1. Anything in the stretch 93-125 that is of a type in the set (S, T, Y) and either assigned to a helix (DSSP H, G or I) or closer than 15 Å to A381 by Cα (or both)? List them, or say none.
2. What are the pairs with Cβ atoms under 6 angstrom where one residue, in the stretch 148-163, is closer than 22 Å to V348 by Cα and the other, located anywhere, is aromatic (F, W, Y) and surrounded by 14 or more Cβ atoms within 10 Å (Cβ to Cβ)? Sequence gap at least six, or different chains.
3. From the list E228, E164, E210, which residue is in a helix (DSSP H, G or I) and within 16 Å of ligand 2 (Cβ to nearest atom)?
4. Checking R223 against (1) touching a helix residue (DSSP H, G or I) at 6+ places or on another chain (Cβ under 8 Å); (2) within 13 Å of ligand 2 (Cβ to nearest atom); (3) outside any helix (DSSP H, G or I), which single condition isn't satisfied?
5. Which one of L93, L103, L116, L161 is modelled with pLDDT of 90 or more and closer than 30 Å to D310 by Cα?
6. Give the residues of the stretch 245-278 that are among the β-branched types (V, I, T), within 15 Å of ligand 1 (Cβ to nearest atom) and surrounded by fewer than 20 Cβ atoms within 10 Å (Cβ to Cβ), sorted by residue number.
7. Does A177 satisfy the criteria of being out of contact with any Cys (no Cβ under 9 Å at 6 or more places or on another chain), more than 16 Å from ligand 1 (Cβ to nearest atom) and either small (G, A, S) or more than 13 Å from V334 (Cβ to Cβ) (or both)?
8. Hey, does the stretch 328-339 have a residue that's in contact (Cβ under 8 Å) with a residue 40 or more places away in the chain and over 29 Å from the mean Cα position of the chain (by Cα)?
Amino acid sequence: MHPFDIALSLVIAAGAGSGLVFIGVLIQWSLRKARPSPKHSVETVEAQPQPEIAQEAPEAARDEAAQIATASRFPEEPAPVVQAPRAPVRIGLGLRKTRENFLGRIRAALTGSAKLDEIYEGLEEALIAADVGVEASMKIAAAVRAKLGNDNRPDAIRDALKAEIAAILTGADRAPADSGDAPLVIMMVGVNGAGKTTTLAKLAARLKSERGSVIVAAADTFRAAAIEQLEVWCDRAGAEMIKQSQGSDPAAVAFDAVKAAIACKTRTVLIDTAGRLQTQVNLMEELKKIARVVGRELPGAPHETWLVLDANTGQNALSQAKIFGDAVPLTGVVLAKLDSTAKGGVVVGIAERLKIPVRFVGLGEELEDLREFDGREFVEALFASDDGRDQNASGSYAA
Ligand SMILES: Nc1nc2c(ncn2[C@@H]2O[C@H](COP(=O)(O)OP(=O)(O)OP(=O)(O)O)[C@@H](O)[C@H]2O)c(=O)[nH]1
Ligand SMILES: [Mg+2]
């Protein structure tokens, strides 16, 4: 072979070899590009936006995924809790402590002995322990005995006792005042911490929904922070508030509120007053002044003056009612904190001794925890769950 031919063959062979190598490298390169590296693949999945995953998932899983996504994005922010307004508390729940105490003793009295003297002694004790008051308790027991004579059947005695208590409670009933087209003015009075402001706020919320607009007079200008406390409650209850600075004349605040209510045709004015002891003569005089000034602006006002009593006060409630009643004519009682006492029987004592209607009872610390007082309902609740009968009869009262 000619040396030139040999050289040419070598060049061609080398060219073909390197071409093959080049093609091999090219194939390998394109294969690698088509198959993503493991690292790259993980990053892509992690970076998938959650909603895309959620869209393909079933509804429940989607919700869960969304929750997890939200939780991980805002770990320290709790989900907003939307609270539905609570139903008003049932009187049976509020009376639980009183009922347990009272019914246990009544049951023991009725079943412990067949002797009439012992039965009625036990009844008196049960009533006194529930804070009905000694005098009223003896009177009630005597009335039941006079009615039943020698009948010692527990059911008959129990039913007669119930009827007697109901008669006392309904006997003090009186229709609330009617202010006609003028605003209805209600003044709340009572000793320190009885529950005046809380009760007033509950009333504001209730009367607003029942009667329309409410103006609250911040006439407790005596206690530090009383105005601020009332302001918070008025915001919650959706009531307007008329105030002046601490230390100003409470009668002037009440006057302003009534004047504004007349001008704006507001339906109800509620006057909050400072807590006072019966012995604080100046403060008792101040109450008279508020009533006088308000009455001058709107004849007949205050149409209602309600004494707020702490149900835990027991028999002291009667002396409070007497002293406050001497200062301003009381037209009703509101018994606050009935839920926190085993001595709810004081309601019976108040109705029996004072002949003042119990208008409302407070059954807790929230706006909804106010219940219009109904003597019959109260008695049903008091005796409920003694046996199956009353629970069935009164249904909703049962705790
Ligand atoms: N459990 C319970 N607590 C109540 C009720 N009513 C009021 N309270 C509580 O009793 C305390 C006193 O209530 P206030 O309404 O401030 O009493 P007040 O009579 O206005 O007090 P002063 O203005 O200081 O005389 C508060 O802690 C209330 O939450 C109720 O019906 N049940
Ligand atoms: Mg107050």
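1. Of everything in the stretch 93-125, those that are of a type in the set (S, T, Y) and either assigned to a helix (DSSP H, G or I) or closer than 15 Å to A381 by Cα (or both) turn out to be T98, T111, Y120.
2. Note: pairs meeting the criteria are K162/F383.
3. E228
4. With respect to (1) touching a helix residue (DSSP H, G or I) at 6+ places or on another chain (Cβ under 8 Å); (2) within 13 Å of ligand 2 (Cβ to nearest atom); (3) outside any helix (DSSP H, G or I), R223 is out only on (1).
5. L161 is the lone residue from the list that is modelled with pLDDT of 90 or more and closer than 30 Å to D310 by Cα.
6. none
7. yes
8. yes
The values are calculated or read from the model by the stated rules, or taken from the named source; none is laboratory data. Predicted, not measured: the structure shown is a model, and the values here were computed from it. Don't worry about glycine lacking a Cβ; one is built from the backbone with ideal geometry, like all the others, and counts go over all protein chains shown.
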